[in-house]
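Remarks on the structure that follows.
The values are calculated or read from the model by the stated rules, or taken from the named source; none is laboratory data. Note that the structure is predicted; figures quoted are calculated from it, not measured. Don't worry about glycine lacking a Cβ; one is built from the backbone with ideal geometry, like all the others, and counts go over all protein chains shown.
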Ligand SMILES: NC(=O)c1ccc[n+]([C@@H]2O[C@H](COP(=O)([O-])OP(=O)(O)OC[C@H]3O[C@@H](n4cnc5c(N)ncnc54)[C@H](OP(=O)(O)O)[C@@H]3O)[C@@H](O)[C@H]2O)c1
C-alpha cells in the first residue's frame, strides 16, 4: 500500500463525514486519494450499486459515516426508515468492502446502543445488558448490528484475509455542518436557532423544555473526526489489546457532562442573547444523565481538545452561514 491509502468516506457531506475529510486533508492526505459519492450519486441502501462502486474504486480503507440520523421526533415518526436504511447501508458497505479487498474499515455507531438504565458513565461492556430506550430502539438495534457485522467479519475472515474492521461510539456531537432544522434537530443546534431568533426579535425570555437539570455530554465534531482517524490508525496489536473479538467498540466522549441549564447559558453567551432563560418543568426531562465512559480511548492516548465555548463559537458562525444561504 502507498503512503496515501485510497480512502472512501461514506457520508462525506454529513457533519461527521465532512469533518473527517477536512481533518485528513489538514493532515496532508492527498485529496485525489479520498473517494466520495453523494447520496444522489450512490444510494448505499442499493446493494448492486454499492458493489459496482467498490469494484470500480477499490478503496484501501473505509470510514462508514453515512447513516440515517435524526432526533427523538424523527426516530419516533419514522422507525421503519431508521432501522431499514441503517441496516441496509451498513450491510451493503461492509459486505462490499470485504468482497473487494478493503482491509480497514471504521464504523460509526452511537451512544444510544446502551441500555436505557445503563450505569453512568456508560462503559463499553454495558452493551446488550438491558432494554434500550424505546424512542430510538430501531436505530439503536441497527447500530448494534453494525458493531456485530464488523466483529463477525473479523472473526470469520481476519485470519484468512487480514481484515480489521473497527467501531467507534460517539456521544452527542455538534459543530459545522449540523442540522438546524426547527423541529428535527439535536439539542445544541436547536438551542442555537432559538437563542439566535430570540436575539433578533428582542424576545425578553427564552423558555427551555424540562427542568434544566438533566446532564448531557457534548463533543465537537472535529474532535470526533480526530478520534476516528486515531482509532483507524492504531496498530492492530494495540487495538486488540484494549478490545475483544466480541466487544470491539470504543466510546468517544468529551469526558464530562453539563446540565441542560448550563448548556443553555453557554449557548445564550455564544449567540449574544441577553434576555432571561426560563425552564418549563411541566415538560418531560428524559433520562437524568447520559455520559460515556471514555477510559478505553483515553488509555489508548486520545483526549478531546475543543471545549464547549470554543466549539459553540464556531458552531454559531456555521449557523449564521447556513441561515444566510
Ligand atoms: N450527530 C450526532 O450527534 C451523532 C451522535 C452519535 C453518532 N453519530 C453517528 O455519526 C455518523 C454521522 O452522523 P452525522 O451527524 O454526520 O449525520 P449527517 O450529518 O446526517 O450525515 C449523514 C450522511 O449520510 C448520508 N446518507 C444517509 N443515507 C444514505 C444513503 N442511503 N446513501 C448514501 N448516503 C446516505 C447523508 O446524505 P443525505 O443527507 O443526502 O441523505 C449524509 O450526508 C452516523 O453514523 C451517526 O449515527 C452522530
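Only one of the numbered conditions (1) touching a residue at least 40 places away in the same chain (Cβ under 8 Å); (2) loosely packed, with under 15 Cβ neighbours inside 10 Å; (3) under 19 Å from the mean Cα position of the chain (by Cα) is violated by residue 233, and that is (1). For the range 4-26, state whether one or more residues are within 20 Å of residue 101 (Cα to Cα), assigned to a helix (DSSP H, G or I), within 15 Å of the ligand (Cβ to nearest atom) and touching a residue at least 40 places away in the same chain (Cβ under 8 Å). Checked against the condition, which is being within 20 Å of residue 101 (Cα to Cα), assigned to a helix (DSSP H, G or I), within 15 Å of the ligand (Cβ to nearest atom) and touching a residue at least 40 places away in the same chain (Cβ under 8 Å), the range 4-26 yields no hits at all. Being within 17 Å of residue 188 (Cα to Cα), part of a loop (DSSP other than H, G, I, E, B) and modelled with pLDDT of 95 or more is the filter here; which residues of the range 277-314 pass it? Correct list: 291, 306, 307. Is it the case that the range 30-49 has a residue that's part of a helix (DSSP H, G or I), within 10 Å of the ligand (Cβ to nearest atom) and either touching a residue at least 40 places away in the same chain (Cβ under 8 Å) or surrounded by 14 or more Cβ atoms within 10 Å (Cβ to Cβ) (or both)? Yes.
Just one of the listed residues (101, 109, 71) is surrounded by fewer than 19 Cβ atoms within 10 Å (Cβ to Cβ) and within 19 Å of the chain's Cα centre (by Cα), namely 71. Given the criteria more than 16 Å from the chain's Cα centre (by Cα) and closer than 22 Å to residue 286 by Cα, does residue 129 qualify? It is true that residue 129 is more than 16 Å from the chain's Cα centre (by Cα) and closer than 22 Å to residue 286 by Cα. Listed by first and then second residue, the pairs linking a residue in the range 99-127 that is within 21 Å of residue 257 (Cβ to Cβ) to a residue that is modelled with pLDDT under 95 and within 16 Å of the ligand (Cβ to nearest atom), with Cβ atoms under 8 Å apart and 6 or more places separating them unless they lie on different chains, are 111/290; 112/133; 112/136; 116/133; 116/287; 120/290; 122/290. Can you tell me which residue within the range 53-68, out of those that are within 15 Å of the ligand (Cβ to nearest atom) and either part of a strand (DSSP E or B) or at pLDDT below 95 (or both), is surrounded by the most Cβ atoms within 10 Å (Cβ to Cβ)? This residue is 63.
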